[in-house]
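Written below as structure tokens is the structure these notes are about.
The values are calculated or read from the model by the stated rules, or taken from the named source; none is laboratory data. What you see is a predicted model; the values in this text were computed from it and never measured. Using ideal geometry, Cβ is built from the backbone for each residue, glycine included, and neighbour counts are taken over all protein chains shown.
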Amino acid sequence: MLNSRRQFIKAASSYSLMLSSGPLIGMSPLGQAPGLGKSAPGYRITLEVCTRLFDGKQCWTHPRAGIVPAAGVDGGPRVVMTMNTLDLEGSDVFKGMYGLHSDNLGKSWTEPERLKDLDPRSEIIDGVTRPVAVSDFWPKYHKASGKLLGTGHTVVYTPDWKVAHPRPRHTSFSVYAPENNQWSAWDKLMMPDSEYFHDAGAGCTQRYDLADGNILLPTYFRPPGKNSRVTIVRCSFDGSMLQYLEHGNVLEIDDETRGLHEPSLTQVNGTYYLTIRNDKKGFVTKSADGLNFEPIRPWTFDDGTELGNYNTQQHWVTHNDALYLVYTRRGANNDHVFRNRAPLFMSRVDPERLCVIRETEQILVPERGARLGNFGVTEISPEETWVTVSEWMQPAGVEKYGSDGSVYVARILWD
């Protein structure tokens, strides 16, 4: 249980690294990422810790943030972060959701507090009472409704808290109320075909909100007897209820892997881009309408070699007309890290060739033994983007490399 104030850091400024000034990142003194050309946006990176947890029993996972305009002190913005606790003795055991916020753009943070309306519930499934938790949550401001909407998925457990297989899975959602700093009781997105979408959710997926208020929500699902595949669900949202409208074409892979997972979506210059997790390699594709996508292709560097990302998620950063990918990969002296999930990199993407430009690769968050594969991206302002991630303290012993359960805020400060 979380029972010590020593487990928290109240002021993020107590641990701040100007990474762009050191040899780790390798950026020029002006913060211009090399190889991008004069028309590309320059940036510098700072790294801060807003809280940490590692007591041998638990650590934080899935820290992601959303910004709510005019919800903070004196009408300023409020940044709201949510995260799960992870029980270290099990696999993907998420028994609680916690929240913290900042009313001064991360200079200081409140202490994490349990979000009781996002707690696990008991449901009778196949005649057995089972705990069902919300996890892989991502809050993002929905401009048309003026609400902070969080989406994720549900995890069904056995009575002794092991992930149930096979299991029903749903997209979960909740809405934040800044006036009382409360999240609504989590609900489920109802899909049209309960058998085909029996195991479907939007865990760890980066959505795109359309100008008309509709939402393009990347979802992955496992039809009965098949491996997992991906589709984009267009949803309506009226400020309280998320509802299915339609879904696009289904992307799948015919191999011996578990299939496709954790898709993330963005749009630049009228083209939609989708990045997808797979056991062996990450994939990318694009679309003209955000629903119907081209066949997937593996992520590569611009020289044709494989990117080296596998069995974990990737997400997008956009700035003006520039497209970036945040990811982990092999080949970074990181074979001691679980699935090579650290350090966390960012590179410029060639939107025509759909490849990563190798010479633009920068480290956002350094490797200290613990994995960094579960992260989020938040657009704070036209001048600033955040990537938030925690040190996932499994397997046992990762702390010997220096990790301590820190929750990082990597600020990308655009020129």
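Going residue by residue through the stretch 227-243, is there one that turns out to be modelled with pLDDT of 95 or more, out of contact with any helix residue (DSSP H, G or I) (no Cβ under 8 Å at 6 or more places or on another chain), part of a strand (DSSP E or B) and on the phi > 0 side of the Ramachandran plot?
Within the stretch 227-243, not a single residue is modelled with pLDDT of 95 or more, out of contact with any helix residue (DSSP H, G or I) (no Cβ under 8 Å at 6 or more places or on another chain), part of a strand (DSSP E or B) and on the phi > 0 side of the Ramachandran plot.
Being of a type in the set (D, E), closer than 24 Å to A322 by Cα and either in a strand (DSSP E or B) or without any contact (Cβ under 8 Å) to a residue 12 or more places away in the chain (or both) is the filter here; which residues of the stretch 333-371 pass it?
D350, E352
Give the residue that is surrounded by the most Cβ atoms within 10 Å (Cβ to Cβ), with candidates limited to residues of the stretch 178-199 that are touching a residue at least 40 places away in the same chain (Cβ under 8 Å) and not in a loop (DSSP other than H, G, I, E, B).
Out of the qualifying residues, it is W183.
For residues in the stretch 114-144 being more than 16 Å from A185 (Cα to Cα), of a type outside the set (A, V, I, L, M) and surrounded by fewer than 21 Cβ atoms within 10 Å (Cβ to Cβ), which is farthest from the chain's Cα centre (by Cα)?
Ranking the candidates gives G127 first.
Quick test of your reading of the structure: S381 fulfils all but one of (1) in contact with a strand residue (DSSP E or B) (Cβ under 6 Å, 6 or more places away or on another chain); (2) among the small types (G, A, S); (3) over 30 Å from R297 (Cβ atoms). Name the failing condition by number.
All conditions are met except number (1).
With the structure loaded, tell me whether Y208 is closer than 28 Å to E113 by Cα and either β-branched (V, I, T) or surrounded by 16 or more Cβ atoms within 10 Å (Cβ to Cβ) (or both) or whether it fails that test.
It is false that Y208 is closer than 28 Å to E113 by Cα and either β-branched (V, I, T) or surrounded by 16 or more Cβ atoms within 10 Å (Cβ to Cβ) (or both).
Would you confirm, using the coordinates I've provided, whether W161 is surrounded by fewer than 22 Cβ atoms within 10 Å (Cβ to Cβ), modelled with pLDDT of 95 or more and assigned to a loop (DSSP other than H, G, I, E, B)?
So W161 passes the test.
Assuming G290 fulfils every condition listed in (1) more than 25 Å from T378 (Cβ to Cβ); (2) touching a Lys or Arg at 6+ places or on another chain (Cβ under 9 Å); (3) of a type in the set (G, A, S) apart from one, which condition is it?
(1)
Against the conditions (1) touching an Asp or Glu at 6+ places or on another chain (Cβ under 8 Å); (2) buried (at least 22 other Cβ atoms within 10 Å of the Cβ), where does P166 fall short? Just the number, please.
The single condition P166 does not satisfy is (2).
Quick one: how many residues across the stretch 383-407 are among the hydroxyl-bearing types (S, T, Y) and assigned to a loop (DSSP other than H, G, I, E, B)?
Selection size over the stretch 383-407: 1.
Contact list please: Cβ distance under 9 Å, first residue in the stretch 104-128 and over 22 Å from D160 (Cα atoms) and at pLDDT 95 or above, second residue basic (K, R) and surrounded by 12 or more Cβ atoms within 10 Å (Cβ to Cβ), pairs at least six apart or on different chains.
G106/R411; S108/K10; W109/K10; T110/K10; E111/K10
Picking from E359, E383, which residue would you name as being charged (D, E, K, R) and over 17 Å from T46 (Cβ atoms)?
E359
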